[in-house]
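To keep things clear, I will list the structure first and then write my remarks on it.
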Amino acid sequence: MYSSNLRNAALLGLMSLFCQTSVAADSSYIKKLKSHYQQVEQLSRLAYKVEFHSNAPHQSYDFRKPDTIVNHYSIEIDRDRNQYFEHFKRHNPGNFVFEFISVINKQQAFRYDVNGFVYGKELRAYTNTMADEYEAISEQINLFAAYEFLHKKKSPIRELHIGNSVSLSYQDTNQHTVSLLFDKNSMQLTEIVNTEDDSKYVFSEPRPIDGMNYASQVKVYNQGKYRHTIAIQSLHRISRIDPKKLTKPTGYEFIESDKNKTLALSKIHKDIFLVKDLQGSRNVMVQKHITGLTVFGAPLSDKASEQVLALIDEKFNNLPVTHVYISHAHGDHIAGLAPYVNRGATIIADDHTIEAIKSFPKFTNNISNLKFKKIKSNEVFQGNRYYVLENTHVRKQSFVYFSDAKTIYQGDFLEIPRDNSIASHMSDVERVFIEFLMDKKIQYNRIVGHHRNSDIRPNIVKAYYNNNI
């Protein structure tokens, strides 16, 4: 996080006028700051609750009216015992609830899904270290950021006094500059700005702890644009973390995670193929037809799509990709569209999704190169039937039904973990989707999810529905 320039161009200008020399030794003010923040060293066992608020147009119900997505964290850290506990929770549009617990103790570090919504009953290795978590705290709580720089870094290269503020600038080995702005009277850290990623952290609304104040609100900017707000709800000392929180939950088992991200292609029906990585994170389908190939799903990134295209070029002797299907206009479903667009592929999508794609920052200056095939609900195109549903996750979302294969490909209508365990929470969107299939008497043998599970069977869908409705 911290590789910053000064608070803004004006301050940089003032700096060049008034303070070009390096600081040879700690000034009297730096000594006062170090003494003030020395107390942070005693805050080694803490509990705090923090929220991350961000506007996400292309992760919202309607991209025109962005929802505020809130990530909730309840964190306890005991540096003396090398223990860490984190409870994360987020509600996405459509009543999708993501809830995870992460644990670090002397024996092991693991993470699990409270509702079984994403990981099922898999216990995952947690790869963060205590050092990683302490660094994260330093990014969220200005007390720790100030302490780290004042006591762990070399002396600042510049010290600049402007009115009631003092700026201290540090430089890393790559010549990136980090500038910390303090209130001269209260000694509160009020800003951190960096040159490495052109970001700025603005700290406000101080609250007391142990004779010091921490900022309960942090606004984060990148390249001059607001990104998100960090709101610290509470911060206090603890004597220890409850040992029960640090134990493996009943019914969960460690699963050896396959780190091989190699893509594999398999045939699931005549001229219909599945492409997935061996980690089982996201799934793409390919259909061969008279004029070329249609790809279903363009997830996550250009890199991911280029890997899919490289595989299907090899397997299908460079047949042209004429169409690419998008289920809905959330960022993780459209961010990989560019490689298909660059090949001249026509985008298959409903009208709302088309408008959202046109507004996606990646394409706003390239709209003339986008070609679309607009689909309506119950429309048949290239032998497949498309259904477009209004739902609470996103204004419109579609799925495709391969009638000959009795297979459905869908994006965010249904989330079943890879181990087919039954989650303890069902979103509104999933309920509506399953009831739609029942109401329309759509006969299927398999549902391929864009996320994770590529072989969801009717008996699993029925069990999931009955368990939660």
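The values are calculated or read from the model by the stated rules, or taken from the named source; none is laboratory data. Here the structure is a predicted model, which is why all the values come from computation and not from measurement. When we count neighbours, we look across all protein chains shown, and the Cβ atoms used for this are built from the backbone with ideal geometry, even at glycine. Note: areas computed on protein heavy atoms with side chains; ligands, DNA, RNA excluded. Shrake-Rupley method; radii C 1.70, N 1.55, O 1.52, S 1.80 Å.
In terms of the Cα gyration tensor, with a ≥ b ≥ c the square roots of its eigenvalues, is region 386-469 rounded because a/c is under 1.5, prolate because a/b exceeds b/c, or oblate? Note, shape of region 386-469 comes out rounded. For the chain, the Cβ-based charge dipole about the Cα centre amounts to some 420 debye (Lys, Arg positive; Asp, Glu negative; other atoms uncharged).
Rolling a 1.4 Å probe over the protein heavy atoms gives region 59-125 an accessible area of 41 Å² per residue.
Excluding residues on the same chain fewer than 8 positions from Lys154, give the aspartates and glutamates whose Cα lies under 20 Å from its Cα. Within the straight-line cut-off, Lys154 pairs with Asp26, Glu41, Glu135, Glu139, Asp172, Glu191, Glu196.
Kindly work out what percent of the DSSP beta bridges joining two residues of the chain are antiparallel, to the nearest 5. For the chain, the DSSP antiparallel bridge percentage is about 85.
Only lysines eight or more places from Lys106 in sequence, or on another chain, were considered; those with a Cα closer than 18 Å are Lys244, Lys245, Lys248.
Helix 28-37 and the longest principal axis of the Cα set of the chain meet at an angle near 50°.
Note on region 146-209 and region 294-361: Cα centroid distance 43 Å, given to the nearest whole angstrom. Across region 205-264, counting alpha-carbon atoms alone, Rg and Dmax equal 20.4, 58 Å.
For the chain, with all protein chains present and a 1.4 Å probe, just round the carbon and sulfur fraction of the accessible area to a whole percent.
Summing carbon and sulfur atoms, their accessible area is 47 percent of the total for the chain.
The residues of region 301-444 present an accessible area of 41 Å² per residue when probed at 1.4 Å with all protein chains retained.
Can you bin region 95-152 into rounded, prolate or oblate? Criterion: square roots of the alpha carbon gyration tensor eigenvalues sorted a ≥ b ≥ c, rounded for a/c under 1.5, prolate for a/b above b/c, oblate for the rest. It is oblate, given that a/c is not under 1.5 and a/b is not larger than b/c. Expressed to the nearest 5 percent, the antiparallel share of DSSP beta bridges inside region 284-434 is 60 percent.
Site-free segments of the chain were taken between GluC sites (Glu not before Pro) in DSSP loops having at most 16 other Cβ atoms within 10 Å, sites themselves excluded; the longest one is 257-469. Straight Cα distances below 25 angstrom link Lys288 to the lysines Lys261, Lys267, Lys270, Lys276, Lys303, Lys315, Lys371, Lys373, Lys374, Lys376, Lys406, with same-chain residues fewer than 8 positions distant left out. Going through region 396-469, which trypsin sites (Lys or Arg not before Pro) have at most 16 other Cβ atoms within 10 Å and a DSSP loop state? Those satisfying the criteria are Lys406, Lys440, Lys441.
Three principal axis extents of the chain based on alpha-carbon atoms, in descending order, are 79, 54, 38 Å.
Going by a ≥ b ≥ c, the root eigenvalues of the Cα gyration tensor, does region 56-206 fall in the rounded group (a/c under 1.5), the prolate group (a/b larger than b/c) or the oblate group? In terms of gyration-tensor shape, oblate. Helix 458-468 and the long axis of the chain differ in direction by around 50°, with both axes built from C-alpha atoms. The angle separating the long axis of helix 142-152 from the principal Cα axis of greatest extent in the chain is about 60 degrees.
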